[in-house]
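Engineer: First the structure, then my questions, so here it is.
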Amino acid sequence: MPQDVAAVLAAAFAGPPALPYAADFRFLVQQHLTELVQDLPSLHIKTRDYTHIDGRTVHLLLAEGTVPMWYQSVKYNIPVAIWLPERYPLAGPLAYVVPTPDMVIKPRHTFVDASGLVHTPYIAQWQYPSSNLRELAQDMSMHFASDPPLFSKPKNYQAPPPTTTPQSHPGYPGFANGGTVRPPGLAAGSAAATAASDVVHGHNPIVSSDSFMSAGSKPLASSSQPTGSADLSGGFDSVWNRMQDQMQQQPEPPQPPVVVKPPQPPRENPSAKLAAAFRSAAQATLNSRLHASLSALAQQAAAQGDEQLQLQATLRQRGLQLQSEVAALQAERVALDKLSQDLAASNKQLDGWLAENEHLAKAAEDPSQLDPDAVITAADPLSQQALEAQAQDLALEDALYALDKALNSGSVEADVYLRQASSQAQPACRCGFV
């Protein structure tokens, strides 16, 4: 189960003793350590005193445990200690390979010096804020797979003579590289050294090379065979002190004879195979994610296109409706204009008629002044003729009626009646003929 980094760092930052990291970078430090422990649960976060080459002692964060690697298709665990210096993450971490008592560091290793300091290109090219601890652990695993840093200590092993020439470690000045420099850890004889009882478990590969293995050395068991764990109680100082004491007490053995071995067939580079597999897996993952993203974008674009087309059809239909309504309103406006014109003309005619017949209104008030012949006027000449003809007919009827009444009353003689009726009948016949 991964360590609860947040709780450990909360207690560590609360102190005492106080940690030297800037407050602005504490969140980034917690993030880097959390990602590292999530990726490698075999690493554990701790705080310990770190002694510089100049004698200064500071309380720093430490990720201690094992980093896995694959060598000849077998998994091994390399014990390491990753220190976070005071200026982290502006300055790169200090990674050390911590061999158990039955292991030694490979002499003239490409990326690990005699003190165990790891100086891979990733650490040398550490850049803030892109670099982080998880990628550092992955980089160490790949480089260790190509060139394992540890091998089992053979019988009668004698360490090479220590060098007194100090050298600066790349990436963090102030540390010396050589046999006389004790690797950083707990100060010898301190109370923290006596209280520490951490144990690093790991299976480490044997690097079969005549350049650094003496005769009679035995390979370590792979992770597929049961092996015991090495006791590192007392911290790193006690382990290194015991190893240095053993190397100083043992006499220098005679040089073994040079054994010429037949050339071995080239072996497959597991790191290259692992890198190729990782690259292909990363490409496949990126391709799948890109395909999924593009598919989601295409579906979203298609859905938006359908919505836009539907909206366009709706707008087109509403536009046609508005056009028809506008046409109807325009026709209604034309009809209203025509009706207004007709009403204006009728109003004008009515005003003219009222002006012409204003005397009738005055005559109605005084009937004695009313002219019967002027009461009714014809609208046109034809109507005037018809009106006159009708008046003549009515007048003849009145005359004949008066003659009939006079004849019946004896007021006129019969011959007079006949002559008057005949004289009145001729114009009536002419009027009826007309």
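The values are calculated or read from the model by the stated rules, or taken from the named source; none is laboratory data. Source: prediction; values computed, not measured. Here the Cβ is made from the backbone with ideal geometry for all residues, glycine too, and neighbour counts use every protein chain on show. These accessible areas exclude ligands, DNA and RNA; they are computed on the full protein's heavy atoms, side chains included. Shrake-Rupley method; radii C 1.70, N 1.55, O 1.52, S 1.80 Å.
Engineer: Any residue that is of a type in the set (S, T, Y), surrounded by fewer than 22 Cβ atoms within 10 Å (Cβ to Cβ) and assigned to a strand (DSSP E or B) - is there at least one of those in region 35-48? Let's see the steps before the verdict.
Structural biologist: Of the residues in region 35-48, the ones of a type in the set (S, T, Y) are 42, 47.
Checking which are surrounded by fewer than 22 Cβ atoms within 10 Å (Cβ to Cβ) leaves us with 42, 47.
After this cut, where a residue has to be assigned to a strand (DSSP E or B) as well, the list is 47.
Yes, because at least one residue in region 35-48 is of a type in the set (S, T, Y), surrounded by fewer than 22 Cβ atoms within 10 Å (Cβ to Cβ) and assigned to a strand (DSSP E or B).
Engineer: Could I ask something else about it? Could you tell me which residue of region 51-86 is surrounded by the most Cβ atoms within 10 Å (Cβ to Cβ), considering only residues that are small (G, A, S) and over 40 Å from the mean Cα position of the chain (by Cα)?
Structural biologist: Step one: list which residues in region 51-86 are small (G, A, S), which gives 55, 63, 65, 73, 81.
Subsequent filtering for residues that are over 40 Å from the mean Cα position of the chain (by Cα) retains 55, 73.
On the way: G55: 7, S73: 9.
Looking at residues that are small (G, A, S) and over 40 Å from the mean Cα position of the chain (by Cα), I get S73.
Engineer: For region 106-127, which residues satisfy the criterion of being in contact with a Pro (Cβ under 6 Å, 6 or more places away or on another chain) and within 20 Å of L62 (Cβ to Cβ)?
Structural biologist: Once the filter is applied, which keeps residues that are in contact with a Pro (Cβ under 6 Å, 6 or more places away or on another chain) and within 20 Å of L62 (Cβ to Cβ), region 106-127 yields V112, S115, G116, H119.
Engineer: Would you check if there is a residue in region 127-134 being touching a Lys or Arg at 6+ places or on another chain (Cβ under 7 Å) and open to solvent by 10 Å² or more (accessible area, probe 1.4 Å)?
Structural biologist: Scanning region 127-134, I find no residue that is touching a Lys or Arg at 6+ places or on another chain (Cβ under 7 Å) and open to solvent by 10 Å² or more (accessible area, probe 1.4 Å), so the answer is no.
Engineer: Mind checking whether some residue in region 7-26 is over 22 Å from V118 (Cα atoms), outside any strand (DSSP E or B) and among the β-branched types (V, I, T)?
Structural biologist: yes
Engineer: For L43, indicate whether it is in contact (Cβ under 8 Å) with a residue 24 or more places away in the chain and out of contact with any Gly (no Cβ under 7 Å at 6 or more places or on another chain). Spell out how you get there, then give the answer.
Structural biologist: Numbers: in contact (Cβ under 8 Å) with a residue 24 or more places away in the chain: yes; out of contact with any Gly (no Cβ under 7 Å at 6 or more places or on another chain): no.
So L43 fails the test.
Engineer: Take region 46-79 and flag every residue that is of a type in the set (A, V, I, L, M, F, W, C) and in contact (Cβ under 8 Å) with a residue 40 or more places away in the chain.
Structural biologist: First, pick out the residues of region 46-79 that are of a type in the set (A, V, I, L, M, F, W, C): 53, 58, 60-63, 67, 69-70, 74, 78.
The answer is I53, L60, L61, A63, V67, M69, W70, V74, I78.
Engineer: I need every pair where a residue in region 80-96 that is touching a residue at least 40 places away in the same chain (Cβ under 8 Å) has its Cβ under 6 Å from the Cβ of a residue that is among the acidic types (D, E) and crowded, with 20+ Cβ neighbours inside 10 Å, sequence separation at least 6 or different chains.
Structural biologist: As it stands, the answer is A81/E64, since those pairs meet every condition given.
Engineer: Go through region 87-125 residue by residue and tally those that are open to solvent by less than 40 Å² (accessible area, probe 1.4 Å), of a type outside the set (V, I, T) and either assigned to a strand (DSSP E or B) or touching a strand residue (DSSP E or B) at 6+ places or on another chain (Cβ under 7 Å) (or both).
Structural biologist: Summing the residues that are open to solvent by less than 40 Å² (accessible area, probe 1.4 Å), of a type outside the set (V, I, T) and either assigned to a strand (DSSP E or B) or touching a strand residue (DSSP E or B) at 6+ places or on another chain (Cβ under 7 Å) (or both) in region 87-125 gives 10.
Engineer: Select the helices (runs of 4 or more DSSP H) contained entirely in region 355-434, then report the ones holding at least 1 residues which are modelled with pLDDT under 70.
Structural biologist: 358-365, 372-375, 414-433
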